[in-house]
Amino acid sequence: MFKYFPHTKDDIEFMLKELNVSSINELFSGISENVQLKNDYDLKSSMSEQEVRQYFKELSQENRELVIFSGMGIYDHYQPSVIDAITSRQEFLTSYTPYQPEISQGTLQYIFEYQSMIQSLTGLDVSNASMYDGATAAAEACFMATSISRRNKILISKTLNPGTIKVIKTYFKFKGVEYDYVEADNGVFDIEDYKKKLDGEIAGVIVQNPNFFGLIEDYTGVADATHANKSVMIQYSDISALGVLKTPGENEADIACGDCQSLGMPVAFGGPTIGYLATTKKHVRKLPGRICGYTTDTEGKRAFVLTLQAREQHIRRAKANSNICSNQSLMVLYSAVYLSVMGKQGIKEVNALSYENAHYLYDRLLGTGKFFDNFKKPFLKEFTLETTISHDLIAQALLEKGIFGGFSLGGISEEYDNLINFAVTEKRTKEEIDRLVEVLEGLV
Amino acid sequence: MMYNKLIFEISQPGRVGYSLPKRQFTKYDIKDLGNHLRQTDALLPEVSELDCVRHFTNISKKNFGVENGFYPLGSCTMKYNPKINEELVKTMSFAKLHPYQPISTVQGALRAYYELQNALSEISGLEEFSLNPFAGAHGELVGLMVMKEYHMARGDFKRTKVIVPDSAHGTNPASITVCGMEAVEIVSNDQGMVDIEALKAVLNDEIAGMMLTNPNTLGIFEKDIVEITKLVHEAGGLMYYDGANLNALLGKVRPGDMGFDIMHINLHKTFSTPHGGGGPGSGPVGVKDFLIDYLPNPRVKKLEDYYYVANVGDAIGQISGYFGNFLVALRAYSYILNLGKENLMQVGPLATLNANYVRQALKNDYYLPIEGYCMHEVVFDGLKDNPHEIRTLDVAKRLLDYGMHAPTIYFPLLFHQSIMIEPTETESLQTINDFIDVMKKIAKEAKEDPDTLRNAPLSTPITRTDEVFAAKEMIFSYKDYLEYINSKG
């Protein structure tokens with residue numbers, strides 16, 4: 001007997017008798033003996049719960065929790081305790097995709113609330129029910145652009161996160177979408193280079209704000225140039241930052257996408273997170289994934305349902321916009337609960353505190369005389385400096401003090417060789433920041 | 001009266017539900033960003049912590065989870081999601097690791113990833129796995145990328161077509177398109193299986209491979225599987241195994257031994273990680289040895305006792321920012337350790353016993369289109385004796401009134417009134433008997449009281465919904481909703 005299998009010996013015998021067979025094996029008689037397993041799996045024997053706990057504890061102890069001063073898409077923000085309490089509720093945790101709206105209003109309502117929050121944060125008209133992560137949302141956004149414009153080439157800003165670029169390029173390679181880069185001018189999107197590259201083949205452009213150096217970009221004129229060329233503008237952003245920064249809507253972008261990890265999700269070795277994807281009403285039928293809409297039931301009560309499903313793979317099969325089936329629903333709930341407790345004020349405050357902390361570290365690092373800012377552009381919670389100190393030496397020295405900080409950009413491209421990126425959230429204390437600076441001051 | 005508010009409707013200006021640290025450095029001020037700031041505040045709620053908790057607790061009551069009752073949703077493997085899995089990922093260090101942390105500080109995470117890769121290899125009979133794909137459909141896409149890359153790397157550029165049976169999940173043909181290939185659909189025979197002659201007719205030097213779910217979406221094992229894989233291989237194609245129905249095979253058959261070259265596994269089905277209302281799932285992709293180098297980056301490898309991250313030059317590229325839905329994979333590993341080899345061997349047999357028991361018990365009331373043993377799920381084609389033409393939809397909705405989740409309906413598409421029932425191995429004889437009783441009662445109601453079925457459900461938080469209105473009005477946010485309400489006055 002095993003705790004997850006309720007079958008007693010008597011139960012099995014009774015069921016076999018009803019089926020008029022003498023063993024469970026007989027039910028598999030249609031399967032050729034040649035392909036049937038001859039032996040047990042070569043795996044560990046069943047462990048008791050206590051043994052599993054102990055095993056995981058040993059694995060866990062081979063990791064080291066560090067004070068995080070790095071971002072590059074994954075940020076160490078505060079996680080309100082209510083999130084875990086609510087997302088652990090089995091009604092949310094163990095249910096399936098809401099195919100039966102009569103018994104799925106909990107899921108459908110929080111998706112609607114999430115879509116409302118993303119709509120407002122992005123300043124666009126409609127958000128879908130989420131994508132896997134920011135990078136795949138970006139790839140799908142580019143596919144949307146090719147579908148809307150009926151063109152096949154995307155311009156990628158060189159200031160887009162290199163990890164995101166890698167994922168987009170993989171998707172492009174297989175779907176057969178072409179691309180080119182828009183150069184960076186002193187760390188930000190070069191609109192002159194962009195205008196030169198805009199032509200009749202360009203489906204759209206994807207830009208990132210704040211960009212991967214952490215710098216805030218100015219898109220004055222970008223949407224106008226894009227639309228004059230009948231192309232599509234895609235803005236990628238960390239969603240938390242849109243609580244304070246100019247929105248994709250204000251920038252007149254057609255599509256907004258990015259990751260919602262910064263909304264109270266743990267850094268979790270990179271996953272799960274959740275990607276958001278929003279657009280204008282005009283392009284809603286090109287939007288991939290689930291969309292939840294308001295309706296009423298037969299008694300006139302307010303209700304929510306998955307809608308516009310004719311876009312999706314289970315109806316359109318090979319002709320669907322995308323192959324995405326589910327969303328990242330539980331992470332939608334994470335986002336909705338986070339944005340509910342943080343609310344209108346909290347989302348601003350968390351950005352303000354991160355801004356202040358990051359700027360304090362920035363000033364202190366410049367003050368060491370060992371770090372330099374080549375860009376001198378505004379930033380929010382993440383920034384990039386130049387230093388001639390070996391990045392390996394920095395990483396090692398910080399690690400000795402329990403700090404993970406300073407992501408070396410050297411591995412991305414030779415032109416970034418001496419550049420190092422720091423992210424500072426509201427969680428970092430003055431003492432932690434001072435400790436980091438103290439370590440770096442001592443290096444040559 | 002049931003709670004019926006949106007979070008925005010309980011919002012009061014000035015309320016907060018958070019507590020952040022005090023300002024440390026008042027000399028800096030975000031307002032200095034000036035023109036870079038948004039003009040108006042985002043429309044977010046303002047609620048206290050208790051308001052928030054009550055709101056979500058109340059709406060959770062309108063949901064139905066595996067712990068509420070029987071969840072026989074075919075093709076979805078709604079098994080019990082063990083509590084220990086949740087405890088382990090939350091109480092240990094894993095959630096606190098940044099994906100770019102120095103490798104020496106994430107050895108435990110990499111070891112768990114590596115050991116799970118190996119366990120999945122042993123269970124599936126394929127040599128190596130990547131845990132990076134986020135979900136089943138994502139796994140399909142990644143597996144197809146591997147297939148395409150293999151042919152391209154050999155300079156065989158003609159192979160751009162992939163065969164799928166007409167009984168396949170919609171994600172199969174959709175994934176093929178997203179991968180820049182063409183789906184070639186073949187008809188099933190009258191037993192719902194791959195028609196060997198139809199397969200032979202489409203095999204040529206343009207075929208990159210074939211995607212197959214086995215047992216197929218009718219819950220039936222493809223008895224000619226060895227011949228199918230042989231034919232496709234002889235034609236130069238690769239075999240892709242869609243792991244949607246892998247639960248049936250645990251302890252009985254390994255995809256690798258049937259001749260499959262590439263597969264994905266839905267950890268949220270077979271390996272007990274929670275469905276989460278539609279994600280996050282996890283869709284690891286496994287391959288035979290000659291395809292290992294094409295698996296997506298980053299890869300987790302081991303040298304003596306040290307685990308490291310590698311980027312392989314021949315790989316299809318990167319398909320996720322980091323290591324996929326890592327915390328989901330960890331839950332699956334906990335499940336595998338809990339069960340161990342002896343219990344993993346029982347999963348397929350017990351699930352199959354349950355499904356056949358349901359088949360036998362209901363075949364007098366519901367039309368069984370295909371005779372013979374099924375695997376882990378059974379498909380009926382509507383009511384057998386049905387004078388009032390009650391639809392499958394009505395049967396499904398009536399089940400909700402009896403406190404059970406509906407089976408999958410109208411899939412597979414081969415039948416008009418499909419009802420697909422999957423009673424997993426974690427369901428007891430008593431639960432299944434209760435379900436059978438209810439299904440028989442509904443069959444009786446269909447004859448005696450058809451209107452009750454047509455109007456069902458009646459005891460749920462809401463009744464049937466107006467889906468035409470939703471698609472027509474396109475109200476997708478609170479902003480849209482307010483505009484709609486105001487326009488009506």
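The values are calculated or read from the model by the stated rules, or taken from the named source; none is laboratory data. Here the structure is a predicted model, which is why all the values come from computation and not from measurement. Neighbour counts are summed over all protein chains in view; Cβ atoms, including those assigned to glycine, are modelled from backbone coordinates with ideal geometry.
Only one of A:303, A:310, A:336 is surrounded by 19 or more Cβ atoms within 10 Å (Cβ to Cβ) and more than 7 Å from every other protein chain (Cβ to nearest Cβ). Can you tell me which?
It is A:336.
Looking only at helices (runs of 4 or more DSSP H) that fall completely inside the range A:29-133, which ones have 1 or more residues that are under 30 Å from residue A:296 (Cβ atoms)?
Fully inside the range A:29-133 and qualifying: A:81-87, A:90-93, A:105-122.
Would you mind finding the one in A:45, A:32, A:60, A:23 that is more than 7 Å from every other protein chain (Cβ to nearest Cβ) and either without any contact (Cβ under 8 Å) to a residue 12 or more places away in the chain or within 20 Å of residue B:114 (Cβ to Cβ) (or both)?
A:23
Do any residues in the range B:225-241 that are under 14 Å from residue B:201 (Cβ atoms) have Cβ atoms under 6 Å from those of residues that are assigned to a loop (DSSP other than H, G, I, E, B), where the two are at least six apart or on different chains, and which pairs are they?
Final answer for the pair search is B:235/B:203.
Condition check ((1) at pLDDT 95 or above; (2) among the acidic types (Asp, Glu); (3) buried (at least 19 other Cβ atoms within 10 Å of the Cβ)) across all residues:
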position: A:376; (1), (2), (3): yes, no, no
position: A:381; (1), (2), (3): yes, no, yes
position: A:385; (1), (2), (3): yes, no, yes
position: A:388; (1), (2), (3): no, no, no
position: A:396; (1), (2), (3): yes, no, no
position: A:399; (1), (2), (3): yes, no, no
position: A:404; (1), (2), (3): yes, no, yes
position: A:411; (1), (2), (3): no, no, no
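A quick yes/no check of all residues on (1) more than 23 Å from residue A:384 (Cβ to Cβ); (2) modelled with pLDDT under 95:
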{"position": "A:211", "(1), (2)": "no, no"}
{"position": "A:218", "(1), (2)": "no, no"}
{"position": "A:222", "(1), (2)": "no, no"}
{"position": "A:227", "(1), (2)": "yes, no"}
{"position": "A:233", "(1), (2)": "yes, no"}
{"position": "A:245", "(1), (2)": "no, no"}
{"position": "A:249", "(1), (2)": "yes, no"}
{"position": "A:257", "(1), (2)": "no, no"}
{"position": "A:264", "(1), (2)": "yes, yes"}
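Considering only residues of the range B:250-279 that are within 20 Å of residue B:335 (Cα to Cα) and in a strand (DSSP E or B), which is farthest from the other protein chains (Cβ to nearest Cβ)?
The residue in question is B:264.
Tell me whether the range B:311-322 contains one or more residues that are at pLDDT 95 or above, at the interface with chain A (Cβ under 10 Å from one of its Cβ atoms), assigned to a helix (DSSP H, G or I) and surrounded by fewer than 24 Cβ atoms within 10 Å (Cβ to Cβ).
no
Considering each of A:159, A:170 in turn, give the residue that is surrounded by 18 or more Cβ atoms within 10 Å (Cβ to Cβ), touching a strand residue (DSSP E or B) at 6+ places or on another chain (Cβ under 8 Å) and either on the phi > 0 side of the Ramachandran plot or within 13 Å of another protein chain (Cβ to nearest Cβ) (or both).
Testing whether each residue is surrounded by 18 or more Cβ atoms within 10 Å (Cβ to Cβ), touching a strand residue (DSSP E or B) at 6+ places or on another chain (Cβ under 8 Å) and either on the phi > 0 side of the Ramachandran plot or within 13 Å of another protein chain (Cβ to nearest Cβ) (or both) leaves just A:170.
Could you look through the range B:346-379, keep only residues that are under 25 Å from the mean Cα position of the chain (by Cα) and part of a loop (DSSP other than H, G, I, E, B), and pick out the one that is nearest to the other protein chains (Cβ to nearest Cβ)?
B:373
Could you grab me the full set of residues in the range B:95-124 that are more than 7 Å from chain A (Cβ to nearest Cβ), more than 28 Å from residue A:171 (Cα to Cα) and touching a residue at least 12 places away in the same chain (Cβ under 8 Å)?
B:115
Pick out the one residue from B:419, B:442, B:485, B:462 that is within 25 Å of the chain's Cα centre (by Cα) and at pLDDT 95 or above.
B:419
Output yes when any residue across the range A:142-153 is outside any loop (DSSP other than H, G, I, E, B), under 28 Å from residue B:479 (Cα atoms) and charged (D, E, K, R), and no when none is.
Among the residues of the range A:142-153, not one is outside any loop (DSSP other than H, G, I, E, B), under 28 Å from residue B:479 (Cα atoms) and charged (D, E, K, R), which makes the answer no.
Looking only at the range A:224-246, which residues are in contact with a Leu (Cβ under 7 Å, 6 or more places away or on another chain) and within 13 Å of another protein chain (Cβ to nearest Cβ)?
A:236, A:239, A:240, A:241, A:242, A:243, A:244, A:245, A:246
Which residue pairs have Cβ atoms closer than 8 Å, lie 6 or more positions apart in sequence or on different chains, and pair a first residue in the range A:294-316 that is closer than 18 Å to residue A:131 by Cα and not assigned by TED's automatic domain parsing to the domain that holds residue A:326 with a second residue that is at pLDDT 85 or above and not in a loop (DSSP other than H, G, I, E, B)?
That search, which allows pairs on different chains as well, returns nothing.
Residue B:60 passes all but one of (1) over 28 Å from residue A:4 (Cα atoms); (2) free of Cβ contacts under 8 Å to residues at least 60 places away in the same chain; which number fails?
Failing condition for residue B:60: (1).
One line per residue, one yes/no per condition, for (1) more than 27 Å from the chain's Cα centre (by Cα); (2) within 30 Å of residue A:249 (Cα to Cα):
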site: A:35; (1), (2): yes, no
site: A:42; (1), (2): yes, no
site: A:54; (1), (2): yes, no
site: A:63; (1), (2): no, no
site: A:76; (1), (2): no, yes
site: A:89; (1), (2): no, no
site: A:94; (1), (2): no, no
site: A:109; (1), (2): no, yes
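Would you check if residue A:17 is closer than 24 Å to residue B:219 by Cβ and more than 8 Å from chain B (Cβ to nearest Cβ)?
Yes: the conditions hold for residue A:17.
Considering only the range A:63-109, how many residues are free of Cβ contacts under 8 Å to residues at least 40 places away in the same chain and among the polar types (S, T, N, Q)?
Final tally of qualifying residues: 8.
Which residues, counting only those in the range B:237-254, are among the aliphatic types (A, V, I, L, M) and out of contact with any strand residue (DSSP E or B) (no Cβ under 7 Å at 6 or more places or on another chain)?
B:246, B:248, B:249, B:250
Here's a check for you: in the range B:458-489, which residue that is among the basic types (Lys, Arg) and either part of a helix (DSSP H, G or I) or facing chain A (nearest Cβ under 7 Å) (or both) is surrounded by the fewest Cβ atoms within 10 Å (Cβ to Cβ)?
Checking each candidate, the answer is B:472.
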